[in-house]
1. Being in contact (Cβ under 8 Å) with a residue 40 or more places away in the chain and at the interface with chain A (Cβ under 8 Å from one of its Cβ atoms) narrows it down to one residue among B:292, B:318; which is it?
2. Right, residue B:280: at the interface with another protein chain (Cβ under 9 Å from one of its Cβ atoms), surrounded by fewer than 21 Cβ atoms within 10 Å (Cβ to Cβ) and not aromatic (Phe, Trp, Tyr) or not?
3. What residue, of B:233, B:218, is in a loop (DSSP other than H, G, I, E, B), surrounded by fewer than 14 Cβ atoms within 10 Å (Cβ to Cβ) and either β-branched (Val, Ile, Thr) or at pLDDT below 90 (or both)?
4. When you scan the stretch B:50-68, do you find a residue that is of a type in the set (S, T, N, Q), modelled with pLDDT under 90 and farther than 26 Å from residue B:169 by Cβ, even just one?
5. Restricting to the stretch B:5-37, give me the number of residues that are modelled with pLDDT under 90 and more than 19 Å from residue B:127 (Cβ to Cβ).
6. Cβ-Cβ below 9 Å, separation at least six or inter-chain, first residue in the stretch A:21-40 and in contact (Cβ under 8 Å) with a residue 24 or more places away in the chain and under 12 Å from residue A:3 (Cα atoms), second of a type in the set (Ser, Thr, Tyr) and crowded, with 19+ Cβ neighbours inside 10 Å: which pairs?
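The values are calculated or read from the model by the stated rules, or taken from the named source; none is laboratory data. These numbers were taken from a predicted model, which means no experiment stands behind them. Using ideal geometry, Cβ is built from the backbone for each residue, glycine included, and neighbour counts are taken over all protein chains shown.
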There are 2 protein chains.
Amino acid sequence: MPPNPADLVAQALTGNRLALARLLTLVESQTDSAIEALNLIFPATGNAHRVGITGAPGTGKSSLTNKLAQTVRRRGETAAILAVDPSSPFTGGAILGDRIRMRECAGDPGVFIRSMASRGALGGLSLTTNAAAEVLDGVGFDWILVETVGTGQAEVEIASLAHTVIVVEAPGLGDEIQAIKAGILEIADLILVNKADQPGALRTESALMAAFHAAERPAYRHHSDIDQSGIIPPTSKDGWSIPILRTNAIDGEGVDAVLARVLEHRTFLQESGQWQAKETQRMQHAFEQSLRHALYTAWHDALPGDAYDDLLRQLNNRAISPQQLARQTVQAWLTGSKSESNRHIS
Amino acid sequence: MPPNPADLVAQALTGNRLALARLLTLVESQTDSAIEALNLIFPATGNAHRVGITGAPGTGKSSLTNKLAQTVRRRGETAAILAVDPSSPFTGGAILGDRIRMRECAGDPGVFIRSMASRGALGGLSLTTNAAAEVLDGVGFDWILVETVGTGQAEVEIASLAHTVIVVEAPGLGDEIQAIKAGILEIADLILVNKADQPGALRTESALMAAFHAAERPAYRHHSDIDQSGIIPPTSKDGWSIPILRTNAIDGEGVDAVLARVLEHRTFLQESGQWQAKETQRMQHAFEQSLRHALYTAWHDALPGDAYDDLLRQLNNRAISPQQLARQTVQAWLTGSKSESNRHIS
């Protein structure tokens with residue numbers, strides 16, 4: 001029997017972790033029950049600080065995320081980690097990071113960890129990740145750390161659901177190209193040069209500075225506790241000076257400084273009114289995604305049994321282009337009988 | 001004045017490159033004129049071999065793509081290169097690769113180059129890339145080389161529109177993690193270890209073999225002209241033995257062998273019936289994408305002037321969850337007056 005959304009939400013709100021896990025599975029399903037659950041938890045949301053952590057494979061994102069969660073815990077606050085792996089659409093799952101993570105954070109009830117694989121579904125990543133973040137926000141986690149592999153679409157989606165985006169770079173990963181190509185200039189609020197003890201860290205940093213300079217959006221170089229060489233006049237992203245920090249996440253070096261900057265960013269967002277603007281944008285994004293999904297589902301559910309096969313047959317015969325067939329199909333559906341379509345979408 | 005789709009298609013079919021460029025811009029626009037143009041060119045499509053070339057930044061994809069185009073030219077065949085950069089959603093454009101490419105291929109009328117930036121649009125990458133590939137196929141290019149940066153969603157989308165997917169790896173990019181995380185095992189038909197003269201190439205190859213082995217999908221190691229150490233029994237992806245080849249694209253080493261394998265793959269696909277199956281899948285994918293787009297557009301176009309602002313206001317007041325609002329909005333629209341919705345979607 002499928003779980004009752006109202007019961008699951010009520011239990012999860014009391015701190016029941018098993019209920020929370022089941023609730024997360026439910027909201028990932030994008031069913032009517034999922035929408036009901038999200039609607040029930042919605043009034044309790046809006047309090048968590050959502051931090052997106054992104055970077056290429058091998059930069060040490062997972063270690064950084066773990067250490068950030070531990071730093072948050074020392075402040076007496078709670079953290080949920082959402083590890084999203086958009087690069088494994090078919091098999092699903094962040095294989096490597098998880099075991100390390102479990103070992104480091106196991107046994108602490110103030111840290112909750114959830115891995116998600118986006119299965120190549122259109123809009124699947126942000127739709128389900130945002131739903132999961134809503135639930136974790138609603139049940140009272142102070143921080144939601146959304147970690148995702150990325151050079152690509154995933155990063156943009158992270159930017160749409162996080163208040164603060166941390167981009168993690170590391171030496172020796174084809175730095176110059178990465179910095180320019182990954183589109184990070186547009187989404188980063190903080191940039192970390194992780195593995196700062198490794199050869200090439202300075203070159204990575206220089207490449208980042210150069211990339212920012214080329215984009216006419218200079219960053220504020222902040223060397224945390226390591227050194228203070230070079231003075232770059234701080235400029236801004238909507239008024240925020242993007243710090244570049246050195247870290248060594250594997251032993252936690254520099255992570256306190258990262259959290260301090262994230263807290264500064266929170267204050268900045270709140271005082272400038274951008275926190276509220278981001279909330280609006282995020283809800284709008286979720287609305288648009290859900291709307292697209294609901295439109296498709298309504299169309300698909302209203303299809304008679306063998307109608308889809310008929311459509312495929314027309315394509316196979318190359319009788320009509322896919323685009324024209326789509327247009328005709330939508331027009332025919334929308335002009336079709338009201339009662340026919342309504343019977344299926346309630 | 002906007003260009004007439006029928007005129008543009010007619011001119012592009014005669015080999016007019018300016019008309020082709022304008023036609024590509026038109027089909028990227030996803031307007032009614034774009035659909036008309038795609039419908040006009042559709043009967044001429046279905047002849048090109050579409051090759052997807054993907055890999056992390058810094059692996060040398062662009063050089064490989066250029067050299068592959070030149071190799072194809074020496075066979076007396078034509079090639080169109082579609083360079084898709086999904087990682088640059090806001091600013092758009094593959095900055096680095098383009099200048100090199102232009103220098104190497106300029107002046108050859110048998111090579112056509114087009115750069116595309118997917119601007120973070122939902123489903124934008126495959127929708128517009130497929131439309132562009134359709135046009136290039138229709139005007140008679142023998143090969144369409146679709147090059148994309150990727151560890152992520154983009155790779156899956158490439159797999160949906162290519163007959164043959166080449167995954168390019170290179171030493172020193174965090175090999176083990178990349179091989180496992182990037183989901184390449186599912187989409188690769190050929191794997192190249194590019195920059196094979198650099199230190200670590202053998203380690204990259206070993207990591208790839210290990211990753212395949214772990215996934216219980218062993219690859220066929222084919223060292224082309226370099227060496228033949230180690231014998232791995234060839235096994236398969238739907239009956240195809242995935243070769244791992246060493247290349248050094250910057251001076252063209254190994255690229256002839258790559259093309260030979262791609263041609264073998266074509267024969268394999270045709271003889272096994274998978275070529276036709278891929279064509280069907282591709283058209284179905286394009287249909288689904290276009291359908292989603294048409295549904296959203298129909299809804300959006302039918303909205304009265306300030307209705308969208310009203311929806312946003314409800315979200316801002318946190319009066320209703322985004323998911324519930326989307327569901328209600330779709331239901332209200334579908335039960336709304338037929339004439340109202342039809343007036344806007346024709």
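1. On the way: B:318 fails: in contact (Cβ under 8 Å) with a residue 40 or more places away in the chain.
Just a single option satisfies the conditions, and that option is B:292.
2. Numbers: at the interface with another protein chain (Cβ under 9 Å from one of its Cβ atoms): yes; surrounded by fewer than 21 Cβ atoms within 10 Å (Cβ to Cβ): yes; not aromatic (Phe, Trp, Tyr): yes.
Considered against the rule, which asks whether it is at the interface with another protein chain (Cβ under 9 Å from one of its Cβ atoms), surrounded by fewer than 21 Cβ atoms within 10 Å (Cβ to Cβ) and not aromatic (Phe, Trp, Tyr), residue B:280 comes out as yes.
3. Answer to the check: B:233.
4. No.
5. 0
6. From residues that are in contact (Cβ under 8 Å) with a residue 24 or more places away in the chain and under 12 Å from residue A:3 (Cα atoms), the pairs are A:27/A:128.
Yes or no, residue by residue, for (1) in a helix (DSSP H, G or I); (2) in the same structural domain as residue A:49 (by TED's automatic domain parsing); (3) under 29 Å from the mean Cα position of the chain (by Cα):
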site	(1), (2), (3)
A:268	yes, yes, yes
A:281	yes, no, yes
A:287	yes, no, yes
A:320	no, no, no
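This table checks each residue for (1) at the interface with another protein chain (Cβ under 9 Å from one of its Cβ atoms); (2) modelled with pLDDT of 85 or more; (3) surrounded by fewer than 24 Cβ atoms within 10 Å (Cβ to Cβ).
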position: B:98; (1), (2), (3): no, no, yes
position: B:102; (1), (2), (3): no, no, yes
position: B:123; (1), (2), (3): yes, no, yes
position: B:136; (1), (2), (3): no, yes, no
position: B:171; (1), (2), (3): no, yes, yes
position: B:188; (1), (2), (3): no, yes, no
